Amino acid sequence: MRILLVEDEKKISSFIAKGLREEQYAVDVADNAESALTNIAVYEYDLIISDIMMPGMNGFEFIKKLRNSQNTTPVLILTAKDTVDDKIFGLDSGADDYLTKPFAFAELLAHIRALQRRPHNLLEKLEINDLVLEPATHTVTRGGKKIELTPKEFSLLEFMLRNKGRVLTRTTIIEHVWDMYFDSDTNLVDVFMSYLRKKIEQRGKKRLLHSVRGVGYILEEREAYDED
């Protein structure tokens, strides 16, 4: 899951970004609304966390501009403005949720999980053939048998399932799952795809995870595929 954090206070943004990355979220940080809009024009995000009081365009204006451009990415407002009127205005501006400062980090994570469970955002179950991933419980099964994945393997499989049937480049995968820019000298994606294949591919079952030579990977049902 890739998150855009829009926060102008460096100490706060550093604290939140560090905590989210430890929870295996990919995080980009923008210190103003204009920079955030630039990021959004280039990358796809699963969630936007935005402050309200920022230099230049404030958070309410930012969210309105986002919605006017037909962007439906869920937005969580994170701000010290805690009056009822502020909350109403924020939600009416197009935000999906509102959390006031100060907050416990565990509370922020709970809000993120709640947004993940919303039908318009993420499905309760992600499936292909008999492989099932449940984001809410962080479980993966195939043919009813539980598969143990590391947090990064889980994030990788979740991203592939959300884009099943679509060829994903290594650049796209590494930007969404690892929160970093693709380096042609790294084989990080290929290594983790190999780990994932060993865990989800089973003898007698349909092959699901396939490499597209020179491009990236695709998750789809096939009887067989050519090994690299």
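Nothing in this text is a laboratory measurement; each read-out follows from the coordinates by a stated rule. All of these numbers come straight from a predicted model, not from anything done at the bench. All Cβ positions, even for glycine, are placed from backbone atoms using ideal geometry, and neighbour counts span all protein chains on display.
Helix 10-22 against the longest principal axis of the chain: what's the angle in degrees, Cα atoms only, rounded to the nearest 10? Its long axis makes an angle of about 20 degrees. Sorting 39-49, 207-217, 168-178 by their mean Cβ neighbour count within 10 Å, with the most densely packed peptide first, gives 168-178, 39-49, 207-217.
The value of relative contact order for the chain, using C-alpha pairs under 8 Å at least six residues apart, is 14 percent.
Approximating the spin labels as points 7 Å out from Cα along Cα→Cβ, the SER194-to-ASP8 distance works out to 4.8 nm.
Net charge dipole, the chain: roughly 820 debye, given to the nearest 20, about the Cα centre with Cβ charges of +1 for Lys and Arg and -1 for Asp and Glu.
Put one equal scatterer on each alpha carbon of the range 2-61, apply the Debye formula with no solvent term, and list log10 I(q)/I(0) at q = 0.20 1/Å to two decimals. One equal scatterer on each Cα of the range 2-61 leads to -0.69. Helix 105-117 axis versus longest C-alpha principal axis of the chain: approximately 60°, rounded to the nearest ten. As a length-normalised measure over Cα pairs under 8 Å and 6 or more apart, the relative contact order of the range 2-117 settles at 22 percent. Using only alpha-carbon positions in the chain, the gyration tensor eigenvalues give semi-axes of 35, 18, 15 Å once each is multiplied by 5 and square-rooted (largest first). Other residues with beta-carbon under 13 Å from the beta-carbon of ALA106 carry, at +1 per Lys or Arg and -1 per Asp or Glu, a net charge of -2. Rounded to the nearest 10 degrees, the inclination of helix 151-162 to the longest alpha-carbon principal axis of the chain is 90 degrees.
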